[in-house]
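Just so it is clear, none of the values below were taken in a lab; they were calculated from the coordinates. Source: prediction; values computed, not measured. Here the Cβ is made from the backbone with ideal geometry for all residues, glycine too, and neighbour counts use every protein chain on show.
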Amino acid sequence: MTRTILVVEDTDLGRDVIEAALMTVPECAGTNGRHAEEALRCLAEDDVCALVTDLHLPHMDGFELIEAVRAQPRRSSLPILVISGDSDPAHPRACWAWRERLFLEPYSPAEVRSRLEQLIDAS
């Protein structure tokens, strides 16, 4: 059974790096969205086992996306990883409060993959 990981990243390069790392996760396939609204549609329609999102997205930022996802009872415990090039010191605290793991750029794709595998296996 293939598990779907949703990657929400508005840049092609960022999305490609994340998807390349996820290609090695056993029995997983990636799907992607360029903005939060697209991600929410995908989460409503597809059986997604994890979400990887950037914080800086058009129209609705990554924090707003996480808040919308966590508000859905069936998605309240969905594993979420956050990736950001922003060095705002408030972001790690906000991610910690929401139980999300934050990876700041430059990040190790292997570390992202490893952490995602742990979260998927634990859920």
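A simple spin-label model places the labels of residue 37 and residue 77 3.3 nm from each other, with each point 7 Å out along Cα-to-Cβ.
Remark on residue 60: its backbone amide H falls under 5 Å from those of 36, a criterion applied only to residues 5 or more positions apart or on other chains, H modelled at 1.01 Å from N. Computed 3J(HN,Hα) for segment 21-32, one whole-Hz value per residue from the Karplus formula 6.51 cos²θ - 1.76 cosθ + 1.60 where θ = phi - 60°, is 5, 6, 4, 8, 6, x, 6, 10, 10, x, 9, 9, glycine and proline marked x.
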